[in-house]
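Scroll down for the structure; my scribbles are underneath it.
The values are calculated or read from the model by the stated rules, or taken from the named source; none is laboratory data. None of the values given here were measured: they were computed from a predicted structure. Reconstructed Cβ throughout: ideal geometry from the backbone, glycine too, with neighbour counts over all protein chains shown. SASA here: full protein model, heavy atoms, side chains in, ligands and nucleic acids out. Shrake-Rupley method; radii C 1.70, N 1.55, O 1.52, S 1.80 Å.
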Amino acid sequence: MKVVASGSIKGGVGKTASAVNLAAEATRSGARVLVWDLDPQGSATYLLRVEHRLAGRGARGLIAADATLARHVRATMVTGLHLLPSDRSLRFLDLHLDATGDRHRRLAELLQPLHDAYDVVILDCPAGASLAFEGALRASDVLLVPVIPSTLAVVTLAQLEDLVAGRKPRPELLGHVSMLDRRKPLQREIADALLDRPDMLRTVVPNSTAIEGMGPERGPVTAFAPNSVAARAYRALWGELADRLWG
Amino acid sequence: MPSVTYGTDPGSRQVLDDLLHETGIESGAPHRLQRTRYDTFDGLLHAAGLRLERRSWPQESCDDELVLTAETGVPAHLPLTDPPPSEPPRVLELSALPAGPMRTRLAAACGVRVPLAQLTLTSIRRTGEQPGPAGSPLLRVHLDTEVAIPGAPSANRTVLEVEELPGGEKLARRLRSRLERAGLRPFAGDLLERGMALAGIDPKGFEGLKTPALDRTGPALDGYRTVLQACFEAMEANWEGTADHLDIEFLHDLRIAVRRTRSVLGEGRQVLDPEQRRHLRAEFAWLGRLTGPARDFDVYFEEWDELTGELSPASRRALLPVRSELALRREQEHRRVTEALRSERAAQLRAEVRAWLDRPEIDVNGGRRALAGLGKVVAARIAAAQAGVLEDGRAITEESPATDLHELRKDAKRLRYLLDSFGDLGGQKRRRTITRHLKQLQDNLGEHQDTQIQADELREVAASLAGHEPVTAATTAAVEELAQMLEARQQAARAEFGDRFAAYDRPGPHRELDKLLTRMSR
Ligand SMILES: Nc1ncnc2c1ncn2[C@@H]1O[C@H](COP(=O)(O)OP(=O)(O)OP(=O)(O)O)[C@@H](O)[C@H]1O
Ligand SMILES: [Mg+2]
């Protein structure tokens, strides 16, 4: 089982879009996939058409000592793709994690029993540094960071690099260009520079109306626009990531 | 509880429709579905708790897909974007699948074997879903009608499958008990599993050459025939797969059966009819000789990475022309095997053996000791074989030539085959202990001889390439490096031989063998 955290310190960069679309592509490529929506906003839960609610005692129950994640898992409208839904109470996840004995390791521990049931778990992380993000990094093989090409992008990457450096185990940090607007010369220039970095995947996810359509359509782009540029981009992005994970 | 399947009869269709309607699960649009089950010849996927099938929808434009289901967890789906036309392929090439978890899981379970099509069935399928509050499904129900299973009586079968999804456990439980109250009976496994049972295909697959139970006091001839029968069945089972070269294990298993056949024939003096024995020995010797080189090349390729693992990357690259030449020769040998297995001579041999095995005992001619007790006859042979091992082994000194060790290897093989075929007559546990001791010696002798053969072969290939290919000095040097590594291994085996033989030639193992023989000939 490989764990990929879709995360960044920055908000609104396409973390959830990547998590949901890559999960759909991974499922289509023969993987058994679970998305864990760690964001109290529940965007991934909404997009995958699952009730925004955890059974039992919400976030507290989710990470309690006797908790099993499996009881919270739901099927989605994508055959073979499962979701661990969000809940409003995840706002207090950090507090609950703080109260557990092993606050950094708890998420990894919870995932352990799912090891044989899934090939990939994608964690959709809320923006910003938090205990939950720490825990997600601890549990992950890869930290996947969507990067909008802007002058500050490199700074964000450097901060994240600092965050993962020196960890054991250390997740591999991989960025990918997100929401590229080709009509803007500066964006193109920055994107080209980003693509020279060894920690960036080659596939660029362009700014696309299909991706904006995920909200109203409630689903991954492959489900309603399988031949769109965006769907093809996520397919290629997943291909690259799969090669890193199993190649 | 992922899925439960129910068999129904045409009469319960109305009940079904009502139930589906009442539970809010309307049957969806009908689609013709074709499902083919795949597993290796020896059922490795089944043994690993996996089920692999290829699904296609012949009347629709959507892609075929592979579905891999484990005992627990969600089934994995892989669309196949360039499907071959109409028929599902007989062999599923794992190397053609995209890199990813499905290929990784299948490769881990299958090893060197390939998944083969076992059974194809078709149906008209309707699928209904019960959606949860936000739209995603909690429960899926598939209704298969007009199920056609080749090799099974074709009724107008209707089958219902309740696929439980996470979050829908309660719903599924309710539906299942409803169905059962309405008189529908669940059966184990899914429709394909059921189809396998109806078509009489055992999912366990080929289980290797069987060691049949023998009667110690019965006539030797019957015992010999029983063992030959088991060998012949294993040979027949692997015949087509070897001829088609589906994967390397077919040839391997075929050769194991041929080898044991030859051993039993070899030990059949005075038991089998002399004329027939002579003839069959000649024919099976032909088969053995003919299939030997192909197997040697297969092993070469299996072990290539390990063999060259200690060389520098540059040396490994320099060996590529040699590897290609070996690959060519291997292909050639496999073609020879295919031709031979499809030849008139092979067909005659098979027909003859089959007829001989089918003949009632009373009509079978034997040698002078055909009616002597099997245990006594075989015990004498084993004692003679052991005497051969000890005599030749004790005569070996540090100065002895390599050929003496090769001779000893033959003695040890003779003993080993006898034990494999008949040793259980003296007690299975004891036979295993003795075989374990003997195997230690055999491994040493095998290493000693095989490394030499491989070194010679490598040098020979390099020399033959030098004639007409632009072989660089680097290639020649790499071959020499590898050959010397092999020879170093040979020398190490030679140095170890004394200890290995001494470990075999000890009172402990001897006593075990004596006890085995005593019990055998009681
Ligand atoms: N490539 C794209 N082209 C156009 N719009 C996009 C693209 N990727 C994401 N969006 C839109 O941008 C918004 C933010 O995307 P998303 O929710 O994936 O980001 P996020 O990093 O998960 O945000 P948050 O920090 O709030 O979790 C959404 O409205 C989404 O539809
Ligand atoms: Mg988000």
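Key figures
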read-out	value
Test: residue in segment B:487-499 that is modelled with pLDDT under 95 and among the hydrophobic types (A, V, I, L, M, F, W, C)	no
Unique match (being open to solvent by 60 Å² or more (accessible area, probe 1.4 Å) and in contact (Cβ under 8 Å) with a residue 60 or more places away in the chain) among B:Gln440, B:Gln491, B:Gln454	B:Gln440
Filter result for the condition that a residue is outside the structural domain of B:Arg113 (by TED's automatic domain parsing), free of Cβ contacts under 8 Å to residues at least 40 places away in the same chain and of a type in the set (A, V, I, L, M), over B:Val258, B:Val227	B:Val258
Which numbered condition B:Asp190 misses (of (1) within 34 Å of the chain's Cα centre (by Cα); (2) modelled with pLDDT of 90 or more; (3) under 23 Å from B:Gly73 (Cα atoms); (4) not basic (Lys, Arg))	(2)
Residue that is away from ligand 1 (no atom under 16 Å from the Cβ) and within 14 Å of chain B (Cβ to nearest Cβ), where the choices are A:Thr45, A:Thr68	A:Thr68
Count - residues of segment B:214-255 that are over 22 Å from the mean Cα position of the chain (by Cα) and not small (Gly, Ala, Ser)	9
Which listed residue is out of contact with any strand residue (DSSP E or B) (no Cβ under 9 Å at 6 or more places or on another chain) and more than 16 Å from ligand 2 (Cβ to nearest atom), from A:Gly56, A:Gly128	A:Gly56
Pick from segment A:219-234, criterion assigned to a helix (DSSP H, G or I) and open to solvent by 80 Å² or more (accessible area, probe 1.4 Å), ranking: nearest to the other protein chains (Cβ to nearest Cβ)	A:Arg232
Out of A:Ile63, A:Ile9, sole residue that is out of contact with any Pro (no Cβ under 8 Å at 6 or more places or on another chain) and within 16 Å of ligand 2 (Cβ to nearest atom)	A:Ile9
Only listed residue being in contact with a helix residue (DSSP H, G or I) (Cβ under 7 Å, 6 or more places away or on another chain), within 30 Å of B:Ala70 (Cα to Cα) and either within 12 Å of chain B (Cβ to nearest Cβ) or open to solvent by less than 10 Å² (accessible area, probe 1.4 Å) (or both), chosen from A:Leu111, A:Leu93	A:Leu111
A:Leu245 away from ligand 1 (no atom under 11 Å from the Cβ) and either on the phi < 0 side of the Ramachandran plot or open to solvent by less than 10 Å² (accessible area, probe 1.4 Å) (or both)	yes
Residue that is farthest from ligand 1 (Cβ to nearest atom), among those in segment A:1-20 that are outside any loop (DSSP other than H, G, I, E, B) and within 14 Å of chain B (Cβ to nearest Cβ)	A:Lys2
Check on B:Arg103, of a type in the set (Lys, Arg) and away from chain A (no Cβ under 12 Å)	no
Matching residues, segment A:171-218, being within 14 Å of chain B (Cβ to nearest Cβ) and more than 16 Å from ligand 2 (Cβ to nearest atom)	A:Pro216, A:Glu217
Within segment B:98-116, tally of residues that are at pLDDT below 95, open to solvent by less than 30 Å² (accessible area, probe 1.4 Å) and not small (Gly, Ala, Ser)	2
Test: residue in segment A:76-83 that is within 16 Å of ligand 1 (Cβ to nearest atom), in contact (Cβ under 8 Å) with a residue 12 or more places away in the chain and within 16 Å of the chain's Cα centre (by Cα)	yes
Residue in segment B:356-373 that is part of a helix (DSSP H, G or I) and of a type in the set (Gly, Ala, Ser) present	no
Residue that is farthest from the other protein chains (Cβ to nearest Cβ), among those in segment B:47-74 that are open to solvent by 40 Å² or more (accessible area, probe 1.4 Å), more than 22 Å from the chain's Cα centre (by Cα) and within 20 Å of A:Asp116 (Cα to Cα)	B:Glu71
Looking only at segment A:21-53, and only at residues there that are of a type in the set (A, V, I, L, M, F, W, C) and part of a helix (DSSP H, G or I), the one that is farthest from ligand 2 (Cβ to nearest atom)	A:Ala26
In segment A:6-25, the residues that are of a type outside the set (Gly, Ala, Ser) and either under 13 Å from A:Met214 (Cα atoms) or touching an Asp or Glu at 6+ places or on another chain (Cβ under 8 Å) (or both)	A:Lys15, A:Thr16, A:Val20, A:Asn21
Members of segment B:139-196 that are more than 26 Å from A:Leu114 (Cα to Cα) and in contact with a Phe, Trp or Tyr (Cβ under 8 Å, 6 or more places away or on another chain)	B:Val159, B:Leu160, B:Leu179, B:Leu184, B:Arg185, B:Pro186, B:Phe187, B:Arg194
Residue in segment B:496-513 that is in the same structural domain as B:Ile382 (by TED's automatic domain parsing), open to solvent by 60 Å² or more (accessible area, probe 1.4 Å), within 30 Å of B:Val227 (Cβ to Cβ) and without any contact (Cβ under 8 Å) to a residue 12 or more places away in the chain present	yes
Residues of segment B:381-415 satisfying the condition of being part of a loop (DSSP other than H, G, I, E, B) and open to solvent by 50 Å² or more (accessible area, probe 1.4 Å)	B:Ala395, B:Thr397, B:Glu398, B:Glu399, B:Pro401
Candidate set: segment A:1-46, residues that are touching a Lys or Arg at 6+ places or on another chain (Cβ under 6 Å) and not small (Gly, Ala, Ser); chosen: the one surrounded by the fewest Cβ atoms within 10 Å (Cβ to Cβ)	A:Pro40
Total residues in segment A:131-154, condition within 30 Å of A:Glu189 (Cβ to Cβ), within 16 Å of ligand 2 (Cβ to nearest atom) and out of contact with any Asp or Glu (no Cβ under 8 Å at 6 or more places or on another chain)	5
Single residue of A:Arg88, A:Arg71 found to be within 16 Å of ligand 2 (Cβ to nearest atom), over 18 Å from the mean Cα position of the chain (by Cα) and surrounded by fewer than 18 Cβ atoms within 10 Å (Cβ to Cβ)	A:Arg88
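A quick yes/no check of all residues on (1) touching a residue at least 24 places away in the same chain (Cβ under 8 Å); (2) within 23 Å of the chain's Cα centre (by Cα):
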{"residue": "B:Leu290", "(1), (2)": "yes, yes"}
{"residue": "B:Tyr300", "(1), (2)": "yes, yes"}
{"residue": "B:Trp304", "(1), (2)": "no, yes"}
{"residue": "B:Leu307", "(1), (2)": "yes, no"}
{"residue": "B:Arg316", "(1), (2)": "yes, no"}
{"residue": "B:Ser324", "(1), (2)": "no, no"}
{"residue": "B:Glu331", "(1), (2)": "no, yes"}
{"residue": "B:Leu341", "(1), (2)": "yes, yes"}
{"residue": "B:Pro360", "(1), (2)": "no, no"}
